[in-house]
1. All but one of (1) touching a strand residue (DSSP E or B) at 6+ places or on another chain (Cβ under 8 Å); (2) surrounded by fewer than 24 Cβ atoms within 10 Å (Cβ to Cβ); (3) closer than 20 Å to A:HIS54 by Cα hold for B:ILE117; state the number of the condition that does not hold.
2. Those residues that are open to solvent by 20 Å² or more (accessible area, probe 1.4 Å) and more than 7 Å from DNA strand D (Cβ to nearest atom), I need them from the range A:10-25; list them, please.
3. Which numbered condition trips up B:LEU55, out of (1) more than 7 Å from every other protein chain (Cβ to nearest Cβ); (2) in contact with a Ser or Thr (Cβ under 9 Å, 6 or more places away or on another chain)?
4. From A:ALA303, A:ALA258, grab the single residue that is in contact with a strand residue (DSSP E or B) (Cβ under 8 Å, 6 or more places away or on another chain) and either open to solvent by 10 Å² or more (accessible area, probe 1.4 Å) or assigned to a helix (DSSP H, G or I) (or both).
5. Can you find a residue in the range A:42-51 that is in contact with a helix residue (DSSP H, G or I) (Cβ under 7 Å, 6 or more places away or on another chain), at the interface with chain B (Cβ under 9 Å from one of its Cβ atoms), modelled with pLDDT of 90 or more and not in a helix (DSSP H, G or I)?
6. Of everything in the range A:58-68 that's buried (at least 22 other Cβ atoms within 10 Å of the Cβ) and at the interface with chain B (Cβ under 7 Å from one of its Cβ atoms), which residue is farthest from A:ASP297 (Cα to Cα)?
7. Tell me whether the range B:156-168 contains one or more residues that are buried (at least 20 other Cβ atoms within 10 Å of the Cβ) and facing another protein chain (nearest Cβ under 9 Å).
8. Can you confirm whether B:GLU46 is free of Cβ contacts under 8 Å to residues at least 60 places away in the same chain, open to solvent by 30 Å² or more (accessible area, probe 1.4 Å) and either within 16 Å of DNA strand C (Cβ to nearest atom) or closer than 30 Å to B:PHE276 by Cβ (or both)?
Protein chains: 2
Amino acid sequence: MSQKLFVSAQEVAEKAGVSRSAVSRTFTSGASVSPKTRQKVLDAAEALGYHVNHLARGLMRNESGIVCLIVSEIGTPYRSSLIRALTQQLQNSGKISMLINTDRSDGSVDLALRQAIRYRADASIILSGLPDKSITDLCLKNGQRLVLINRDDDREGPLSINLDDADAAARVATAFVRAGCRKLAFANSQAGTPSLMARERGFVAAAKALGLDVIVERFGHTGYESGRVVAQQLLTRKDRPDAVFCATDLLACGFMDAARHQFSMSIPDQICVAGFDDIEQAAWSSYQLTTFAQPVDMIAREAVSWLVGDSAQPEHHSVRLHADLVWRSSIRGG
Amino acid sequence: MSQKLFVSAQEVAEKAGVSRSAVSRTFTSGASVSPKTRQKVLDAAEALGYHVNHLARGLMRNESGIVCLIVSEIGTPYRSSLIRALTQQLQNSGKISMLINTDRSDGSVDLALRQAIRYRADASIILSGLPDKSITDLCLKNGQRLVLINRDDDREGPLSINLDDADAAARVATAFVRAGCRKLAFANSQAGTPSLMARERGFVAAAKALGLDVIVERFGHTGYESGRVVAQQLLTRKDRPDAVFCATDLLACGFMDAARHQFSMSIPDQICVAGFDDIEQAAWSSYQLTTFAQPVDMIAREAVSWLVGDSAQPEHHSVRLHADLVWRSSIRGG
DNA sequence: CTCGCTTTTGCAAGCGTGTGCAAATGCTGC
DNA sequence: GCAGCATTTGCACACGCTTGCAAAAGCGAG
């Protein structure tokens, strides 16, 4: 087809009647170039359809402008909304995001990271997998900045962004008690993610402080189906709970559907339910789920502003954000 | 911090006692290098933590290995599942995906594409925005391969992947009639996307062939809320429809929720509903929506296999895939 | 051992860009 | 016009890699 392929700065320079450095400087912000030549270059570039080669630029500057998003379960509502926010913010800051999917085998995160390193990504943001020491090491050793979201890793070097999971869990416990519930339960997956475990521990602790025990049930992955299974397990007990805090909204949706359609229970009259994440579905009128809003935009802003910031900033390597309680009708009262 | 930053092939060569070319050849598949030196190189590389610089490689080979995903509404269930499938397939083929979010202003797709070109992406996959001639031109002129998904563009050059929307719509019409419905409606957004319009036209045409008129109602974006609004509009009519085909599952979910909770209607007894996409939520027991499954994995496989294929293949520049009908209980009978 | 052949190796050029340095240019005030 | 200064420009090298080409090495047969 088109043999010419790309037009180089050289050709632009010739057409504009200037040196190649002038072209380079025109497209480098902060470089010294007179308005006259600048315009000549811009005209020539426009006419020829010139685009700076970011591969070459990255090679020279030792800074690719690439940020790597390492994420599993991309299709999940919460994850995809976070990805949306992150890509948005990154683009606003002139960065570009590489997306790495770690859904498959175990070593895939490692493989993915290695890929990121080969492209000399300036940074990586991990929203996936458990905090593996070797992985963060690999990143840092290769001069990448690293952001861990909801991983609760307090190693030196990376920025970790977390929510006040335990505090949120305590607020739910209080709300349940205020609604007159006495038999509390916690529905979790078996993923064992730090944030999920923090919610579980926080809920159990808060309940204990209120003089109540908590039935904890865990099953499978963190998804709708697991919510149904956990409902099956919890609602067939002799001491059926009258309030259940689900570790995520997806679990809550599954739980609610099973409770209603399989056990013919009324929410919140017979059982109160709360979730976490505030995914879009939580607001749907079939659920009207009381839950905690993940401040995705703020998370993204924190992450990106730290990434693009100047190198010297050992101030706060750990950020804990607040999750607002979104009150809907899956808990009595309010 | 670490001043050394990255280790180059030069250093590996010195450590291994071979020439730089030997190192290069070791990491280039199909290059001529003896097993002995190859092993020496691999050992040295491992010891030093060497990673091929893909920026430089891309510069030389005129092939970056980058594929650009240009997408709006990333957080949407269908879109995010397609992204998942695409990234998966691309990684399997040794490509890496750049994600560009075009949620914001109008010219953003153009901006995004320009960004892709700067990084010399080998190809772009567009799942967003309307088929703008200038955009595809920009891609093709810069030697990128282009895949359009659900855009129904039949220009020369790009591969376009579409579904048999019209045929699917006809199948729904038949199912509705078979269920005894007589007053058909179509719920759409105002997005005007080719695939949405194809479903609408197909449905109207099929109904006409069956001797029935269709009430078409359109509103806003293609999301849950619009489904509610359209329900409001359709269900307050004197000639209230008894079957409605929603252009997407999200619309259908909104419609069903409004029909049930706001109009106290029973589905499918009083009204039959069908959707399109088969998002995860369609299978949730609150909806049990009869819908058409987007063959996302097949779409991804088609797209990627075409992208990585050898340059000479003017065979089929347009692929039309079949959407399977997933029968659930939102239509009577079955 | 030497010849002819195949495989492996090193050299060096080149990909498109950024940038330090010195030369050139423009501008101001006498 | 000229000196003095600030600004702009061009040259040339560097970044880390691939690859054509020719020299070197291996290898089997005579």
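The values are calculated or read from the model by the stated rules, or taken from the named source; none is laboratory data. Only a predicted model underlies this, so the values are computations on that prediction, with no experimental measurement involved. Here Cβ is always computed from backbone atoms with ideal geometry, including for glycine, and neighbour counts include all displayed protein chains. Areas reflect the complete protein model, heavy atoms only, side chains present, ligands, DNA and RNA absent. Shrake-Rupley method; radii C 1.70, N 1.55, O 1.52, S 1.80 Å.
1. (1)
2. If the condition is that a residue be open to solvent by 20 Å² or more (accessible area, probe 1.4 Å) and more than 7 Å from DNA strand D (Cβ to nearest atom), then A:GLN10, A:GLU11, A:GLU14, A:LYS15, A:GLY17, A:SER24 are the ones that fit.
3. (1)
4. None of the others qualify; the one that does is A:ALA303.
5. yes
6. Top of the filtered list is A:GLY58.
7. No, there is no match, as no residue in the range B:156-168 is buried (at least 20 other Cβ atoms within 10 Å of the Cβ) and facing another protein chain (nearest Cβ under 9 Å).
8. no
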